Every structure is written in structure tokens, then in C-alpha cells.
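Each remark here refers to the structure printed beneath this line.
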Amino acid sequence: MTEIKPHAAHWGFFDAITENGRLVGVRPFAQDPVPATLIESVPATVHSEARIDRPHVRKGWLEGRRRGHLRGGDAFVPVSWDHAIRLVAEETARIRAEHGDAAIYGGSYGWSSAGRFHHAKSQLQRFLGLGGGYTFSVNAYSYATAQALMPHLLGTNEVFLGRMTDWAAIAKNAGLMLCFGGLAAKNGYVCSGGAANTYGPNMRAAVDAGVRIVNVSPYRADTEEALAAEFVPIRPSTDTALILAMIRHIVSLGREDRAFLATHCVGWEKLEPTLADKTPEWAQGITGIPAATIRDLAERCLAQPTMLTASWSLQRADYGEQPYWALIALAAVLGTIGKPGQGVAFGYGSSGGIGNPRREMPGISLPASRNPVGSFIPVGRITELLERPGGTLDYNGRKLPLPDIRMIWWAGGNPFHHHQDLNRLLRAWAHPETIVVQEPWWTAAARHADIVLPATTTLERNDIGHSSRDRFVRAMHQAIRPVGLARNDHDILADLADAAGFRDRFTEQRDEGAWLRHLYGRWQQACARMGFEAPNFDAFWDRGHVEMPPLGRGEGFTQFADFQQDPQAHPLDTPSGKVELHSETIAGFGHADCPGLPTWMEPREYLGNAAPDELHLLSYQPPTRLHSQLDPGPIAARDKIQGREPLVLHPADAAARGLKAGQVVRVFNTRGACLAGLRLDDRLARGVVLLATGAWFDPLEPGVPGSLCVHGNPNVLTADVGSSALTQGPSAQSCLVRIEAWAGPLPPVRAHVPPAIEEMPA
Ligand SMILES: Nc1nc2c(c(=O)[nH]1)N[C@H]1C(S)=C(S)[C@@H](COP(=O)(O)OP(=O)(O)OC[C@H]3O[C@@H](n4cnc5c(=O)[nH]c(N)nc54)[C@H](O)[C@@H]3O)O[C@H]1N2
Ligand SMILES: Nc1nc2c(c(=O)[nH]1)N[C@H]1C(S)=C(S)[C@@H](COP(=O)(O)OP(=O)(O)OC[C@H]3O[C@@H](n4cnc5c(=O)[nH]c(N)nc54)[C@H](O)[C@@H]3O)O[C@H]1N2
Ligand SMILES: [Mo]
């Protein structure tokens, strides 16, 4: 019997088609302005061989090889749910009693699923908080550097993830949009919570309205062809030099907006003298962009209303603060911050829904619990946390104590996908006594755990999908029964809460259905207070979605408009109330790698200090999946070359090495090595290679640091260094590599089949 059920994922809304209890197909949500593209990979992924069928325990852990033991190489022993719950409950209680609550690391970073009730990380953190607390993490891999920086400069993080100047305002008012890192169409395929896709139409509407797009990036394909953008190729990690030289040129013309700098900003008198030697010729040597082009870009910004933007990728780099700070300074010198459709904001090309007209609408989410433990790390510093127990970490003017972690618990994230320098992580991962992972699939995170608890996917449970960036709230109907013995994260944790004596506080005595009604009801009430009458739960559930009224087209929202008009009456939330071109606070911290002004500093690794045969690796977001999710599906599989992740290279760089399209290459540096399939593309700048994130980590010898990843996970190559002591964001984009032909026999990719399983007598 065929059934069709409404559903949602971070990669879009869709209808799930089932036959006889199996998911056999999907079709896009009829009201999606652009049908979701990645949904085709869902059925094969849900029924993949890589699903975890039962709870498992690492054999070495059962035999006592725990603290200090390298994980990833042992076989797993299947156990019953009762047994697994007992082991985890006892181990959690023991760790809490012997080492204190801070000894549990529950940062559990990751995107989990779109469903807002079953959101695994929220479920886990609610559970861990009620159980006594845990060491947590702050900020996101996406924009950690900006999260710590922007409050100092503009007093808000809304400028890269919130209610920023929208596309309607840009289309109506701007003549030029300078896009550092482009506006990559592939990044709009996804949006946390599962928004309908309005990304391409928004950009095209701006271009149709007369906005000229300039793509300043190493890759011409960072803007889709329909935008007919100009392409200004730049060496990666050198944008700060370009932007400072543009400011210098504007000053040399006497065209800086002195009034705006005086009334709306602090620190111009400190910044201006540092610009004297930042000439376009100086920047040409660093960026590879001709000085004449730099002057021309600056003059065009003066000549017309201009919007400035940069992708989030720019700040996932060494000194990733600097390009963002410099771009704010450029907007300040132009005096455009808060002028209709002008100024600066970040991430228009980084995720679906960014720059959508936003309304103040409530979100739907699981209520969090209080975490009694105060210790935390900036999210990307997990390896240091494990390497240096008892030490401290500089962060944003503080010294954070690093607790001694005895237990790690992850649900809804994949550290062996997302973290940099995986070989170093593998060594540090030996530090705890016990690692628990809740996962639907045998991902690298599950393979490096001690106790593996199989979780359902969204198709196996009921939920509500919603993103604050979208007009639709979507019902997610259970389409199939749980695969194997998989259980909902909530139910797993409820049983563990039961063992610890707090089931009722965790569940509030609600089952799944009662929770969905409860969360929806709270949202409905909050909507009513804002003047929107949402249908009742049953009507929503039957219909499959709620549609909020569209915001009037052309209305257009400009961030900081009130501040532009009257900075006294509407000060920013910074110490000075103004834009901080120089920050006394940051200068006062004395972090050598983040001074008080936007500054060009040579990255650790970039083409400016590369050996002749080295290439700059950009590990960008994958067009074929969401991070590591959907990697077992057909879209990712079709894109691979001899089963390896494609490495994109300029044809001339390939010819110089005697390499050909379609062959397998070894990509390497001192940190690690992986295989990849070579793809040639003359839209890419010379000296740069692209290798998307997300091919499942597949070491030739599991559990052995330095082992070749045969599949193409770039994080065996990237460096694990905080962007600076101020922000401690990940710096994956600052990475040099070499490549060579792979001459040996091709090792099989085993990432998508289960690891060695050993049945043990009960
Ligand atoms: N080199 C390099 N590395 C990067 C980046 C980069 O640009 N370059 N980008 C970084 C960025 S921006 C990000 S956001 C991170 C992404 O890193 P992650 O968010 O960790 O990546 P995902 O693959 O989305 O991991 C989500 C995991 O949750 C699991 N999951 C899904 N649904 C459920 C569920 O219901 N229950 C449970 N228990 N599990 C579930 C999935 O199977 C998957 O393993 O990667 C970062 N890493
Ligand atoms: N399809 C798909 N979309 C996604 C995701 C996904 O996994 N799949 N992940 C989502 C997530 S979690 C996030 S955080 C966002 C990330 O969004 P972004 O950070 O914007 O995405 P990236 O693909 O890493 O980078 C975009 C482009 O920046 C350019 N670039 C890199 N370094 C530099 C530089 O130094 N200077 C300049 N000028 N350009 C540079 C590269 O050419 C690259 O193609 O994407 C989201 N969108
Ligand atoms: Mo991200």
C-alpha cells in the first residue's frame, strides 16, 4: 500500500512515499518556490547498510581498555537495550560520583535533525542538565569567530545570523553588491530546521532590479551563472589586505565620510595612520589582484549605493576576525551602515533563508534545563580540552579552566566529520574513560565510541519542522517503523533518566504526541500575542503545514537604520554606543593575535608563504549533501570519482604535475593524508584546491593516527588552531597541501558498511 506523509529536513520540505513499510520515494513540497534538491538521497540513506541495528559496546572497553586507549580499531559487541541502558546509567553515575559533573563533556555539537522536539542535542543537554550538569561548548563551527567578535564591534550578532538587511531592501536600493566569498548557490540547498528555498530567487530578483554583483573569491562558481556576476579572483585568506587597500584609496581621494566617522564610529583617528603603507600596490602583492582593479572597486563603491558582504567561510581561518572587521571599517568609511539596502552584513551566500524578510515570530523548541556546571569551551577547542586537563585556555579576555574530562557524550553531531586535524583528535580521544554516542548510522563518531546507541531517523517518528527564517511550519509524520532496534533519542534518555530517578522531570509526563501538542500550543499562543492566528494542532497536523502570511514584497528591512538616523537616540550595544573601528576592550585584552584594530597579519598557512609545489586547500561545504549527512545516498555517490570525494584543481596546476582528470590522487601535508578523485575546473584560481567536507572518514588502518583516509575527508589535513585567542574559532580554511598521483592499488571504501561486529556469549 502506498502512503504519502508530510516531512521536513534541513535540506528541505518533502512528502515521504512509503510502500509496505519502506520508504520508496520522495517528492518536493508543492509550495516550495524552488523544489528541494537533496531529498532524492533520503530513501537510500534511511535504509542504508550503514544503519546501526542494535546497541553495541566496544570490545576493548568491555575488556577494560578505556582511558589512554586509541579508539576506532576495535570490534563491537552487540548487546540488548536493557544491558546498554544499565551500562550507561551505571557509568554516568560512577563518573559523576568519582570525578564530578564537569567531568562529562556534553557539548555534543552538531546539526541533528530538523524536527524541533526530537532534536538530539537539545534532548541530550536537557537530560544532562537535569542529571547534575556537564561541561558544555559555546558558539558554532559555522561562525564562531564572528560570534565572539561582533558584540565588541557592532554590539550584535544579528549582522550575520539574525534580522539583517534583507534582499528586498538590497534589490530596491543598492546598485552594487561586493561579495567576498561569492553567493554560493549550493549553500542555499539547506537551512537549519528545513526552510523552503527562496535563496536563488532572492538573488536573481536583486540582479533583475539592477544590482551588479561582484564575486571576490578564488572560485568563479561561487556565484551562479544567472547572476552574471563579475569575477575578481583572490588568493584565499588575503581579503583583509584588499579591503584595507580599498579604504586607503578612498582616503587618498579625500572621499571618506568624515561626518559618519565622527558621529557614528570610534577609533578612526587610530585606524587612519595605520593605513599609510596599505597601498593598492602593496595589496596587489598579497592578494594577486591588480592595483588598478583595487582602485576601481573602491571608486565604484563611492559612486553608487553599495552593499558589502562576506561569506562565513572567510572567518573560519587564521585571524578570521580581520576580514570581517575590515569590511565593517570599509562600510564606515563609506558612511553606509544603516542606509537603505546598503552597509554591511555577512552570510547572504552561506545558508538558505539568510536575508529573507524576517518577522518577529516565535520559534518552536524543546525547553532546555538549567546546567548547574559552569565550565565550557569555545566549540572548536575540543582537542585542547582533552589534551590539557587542568590547564587554561585564553578566550575573549578570559582564562577558561579546562576540566579533566572522563566521559564524552554525543547525540546529533559528528566530531570525526566536523573537527579539524582528525589525527590529533584521535590521539586526544583516548583521554576519557567512556564515550557514548547516539546515532542512526555507523558514522566515524559511532565507530570511535565505546557505547553506541542506535537512534531513529526523523522518518521513524513524529515531529515538527521549523526555521525562524521561513514562513512555513511543517508537520513531520512518522512514515516507517524504526529500522532495526533503533529508538528515539528522547525514549533512550527517558529510560536513562528513569534509572537515575528523574524520568518525570525529563518527560514532564508527556509522550511524543503530548509533547508535540504542547510545543505547538505554546507557539500558537505566542503567535497570537503577535497578531497571527495559527490553526489549532489537529488542523495543522492534518494539513501538514502552517503558512504564515507573506511580508509585503518590496517592504525591505534595513538593519541599523535608526542608528544611522540618530546615533544618540539609538546607540549600538557596544561600550561606546558606536561602531568600534578601534576597540579599547579588545586592545585591553592584550591578545597578540588580535590587536585593537583591523590588521593584516600573515596567516600561518597561505599561498604567500607556501612552497612552490604547495596548494591552498579550501574545504568548502558539499553541494551533494549536508556535512556528513546523506553521504550514503545516490547524489553524493554519483559525484564521487572512483568512489573518492572529488578534489577540484585548475587544469594548468594539474598539467604542471602531470595529473589528469578522473585519476585518484593522494592529498597530504604533515598532519595527514587522504585519497581524492581529480576534477579539473578552470573557474578555480591557480594554486587553490577544493575538497568538500563530509566524505565519511575512512582510515586504511582504523585507530592508527596518521593512517591514510581512503575516502577523502579533508579534516585529516586541516590544522586545529584557534582563529585567535580572542575568538578561538575553527580555522579550517588556512591549510596548505601537496598532491601526487596515487600509484598503488585502490583500497576499498568501507565507510558505509558496519565495522567488525563480534557476537559474544551472553
Ligand atoms: N574542514 C572543514 N571542516 C568543517 C567545516 C569546514 O568548512 N571545513 N565546516 C564546519 C561547519 S560550518 C559545521 S556546521 C560542521 C558540521 O558538523 P556536524 O553538524 O557535526 O555534521 P553533520 O554531518 O550534520 O552531523 C550530524 C550528525 O547527527 C546525526 N543525526 C541526525 N539526526 C539524528 C537524530 O535524530 N538523532 C541522533 N542521535 N543523531 C542524528 C547524523 O547522522 C550526523 O552524524 O562541520 C564543520 N567542519
Ligand atoms: N549544500 C550544502 N549547503 C550548506 C551546507 C552543506 O553542508 N551543504 N552547510 C551549511 C553550513 S552549516 C554552513 S556554516 C554554511 C557555510 O557557508 P560558507 O562558509 O559561506 O560556505 P563555504 O562553502 O565553506 O564557502 C563559500 C565559498 O567561500 C570561498 N572562500 C573560501 N575561503 C575564502 C577566502 O579566504 N576569501 C574569499 N574571498 N573567498 C573564500 C570559497 O570559494 C567557497 O566556495 O553552509 C551551509 N550550506
Ligand atoms: Mo555550519
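The values are calculated or read from the model by the stated rules, or taken from the named source; none is laboratory data. Nothing here was measured: the structure is a model prediction, and the numbers come from that model. So basically every Cβ, Gly included, is an ideal-geometry build from the backbone, and we count neighbours across all protein chains shown. Ligands, DNA and RNA are stripped out before the accessible areas are found, and what is left, the full protein with its side chains, is counted by its heavy atoms. Shrake-Rupley method; radii C 1.70, N 1.55, O 1.52, S 1.80 Å.
Before moving on, here are some points about what is shown:
- Electrostatic tally near residue 744: other residues with Cβ closer than 14 Å to its Cβ, Lys and Arg +1, Asp and Glu -1, net +1.
- Gain in span if fully extended, residue 652 to residue 359, counting 0.36 nm per residue against the direct Cα distance: 100.6 nm
- The residues of the chain present an accessible area of 34 Å² per residue when probed at 1.4 Å with all protein chains retained.
- Farthest positive-ward along the chain dipole, Cα basis, beta-carbon charges - from 50, 601, 263: 50
- Helices in the chain, meaning DSSP H runs of at least 4 residues, each add -39500 (n - 2.57). Divided by all residues, the mean residue ellipticity at 222 nm is -8000 deg cm²/dmol.
- Looking at the chain, the DSSP beta bridges with both ends there are about 55 percent antiparallel.
- Model label zone, residue 758; criterion: amide N under 16 Å from point 7 Å along Cα-to-beta-carbon; scope region 702-728: 702-703
- Given charges at beta-carbon only (K, R positive; D, E negative), |dipole| of the chain in Debye: 260 debye
- Separation of alpha-carbon centers, region 364-407 and region 11-62, rounded to whole Å: 33 Å
- Model label sites at residue 576 and residue 704, defined 7 Å from Cα along the beta-carbon direction, differ in position by 5.7 nm.
- Computed magnitude of the charge dipole of region 437-488 (debye, nearest 20; Cβ of K, R +1, Cβ of D, E -1): 180 debye
- Hydrodynamic radius by Kirkwood, which averages 1/r over all alpha carbon pairs of the chain, in angstrom: 26.8 Å
- Shape of region 607-741, Cα gyration tensor, a/c cut at 1.5: rounded
- Among residues other than residue 228 with Cβ under 15 Å from its Cβ, the summed charge is -1 (Lys and Arg +1, Asp and Glu -1).
- Antiparallel %, DSSP beta bridges [both residues in region 607-741], to 5: 65 percent
- Region 1-66, Rg to Rh (Cα coordinates; Rh as Kirkwood inverse mean 1/r): 1.23
- Rounded Å value of the spacing that divides the Cα centres of region 706-722 and region 425-493: 24 Å
- Dipole orientation for region 607-741: of the candidates 618, 700, 728, 618 has the Cα lying most toward the positive pole (charges on Cβ; Lys, Arg +1; Asp, Glu -1).
- Given charges at Cβ of Lys, Arg, Asp, Glu: the chain dipole, positive-most of 393, 449, 669: 449
- Computing FRET efficiency as 1/(1 + (r/R0)^6) for residue 63 and residue 565, where r is the C-beta to C-beta distance and R0 is 45 Å, gives about 0.05.
- Contact order relative to length of the chain, as percent, for alpha carbon pairs under 8 angstrom and 6 or more apart: 21 percent
- Given R0 = 51 Å, the distance between the Cβ atoms of residue 547 and residue 750 translates into a calculated FRET efficiency of 0.70.
- At R0 = 25 Å, FRET efficiency that the Cβ-Cβ distance of residue 642 and residue 225 yields, to 0.05: 0.30
- About the centre of its Cα atoms, region 607-741 shows a dipole size close to 240 debye [charges on the beta carbon of Lys, Arg (+1) and Asp, Glu (-1) only; nearest 20 debye].
- Length-normalised contact order of region 343-460 in % [C-alpha pairs under 8 Å, at least 6 apart]: 17 percent
- Shown here for region 440-511: trypsin sites (Lys or Arg not before Pro) in loop regions (DSSP other than H, G, I, E, B) with at most 16 other Cβ atoms within 10 Å, namely 510.
- Once C-alpha pairs closer than 8 Å and six or more residues apart are averaged by separation and normalised to the residue number of region 607-741, the relative contact order reads 32 percent.
- For the listed residue pairs 172/339; 186/640; 5/640; 270/578, the alpha carbons are over 20 angstrom apart in 5/640.
- Loop-resident trypsin sites (Lys or Arg not before Pro) (DSSP state other than H, G, I, E or B) in region 41-133 with no more than 13 further Cβ atoms inside 10 Å of their Cβ: 67.
- Sulfur and carbon atoms: percent of accessible area, region 607-741 [1.4 Å]: 53 percent
- ³J(HN,Hα), Karplus 6.51/-1.76/1.60, whole Hz, each residue of region 731-746, x for Gly, Pro: 10, 4, 7, 9, 7, 9, 9, 10, 10, 8, 4, 8, 8, x, x, 7
- Comparing Cα centroids, region 513-530 and region 595-671 end up 45 angstrom apart.
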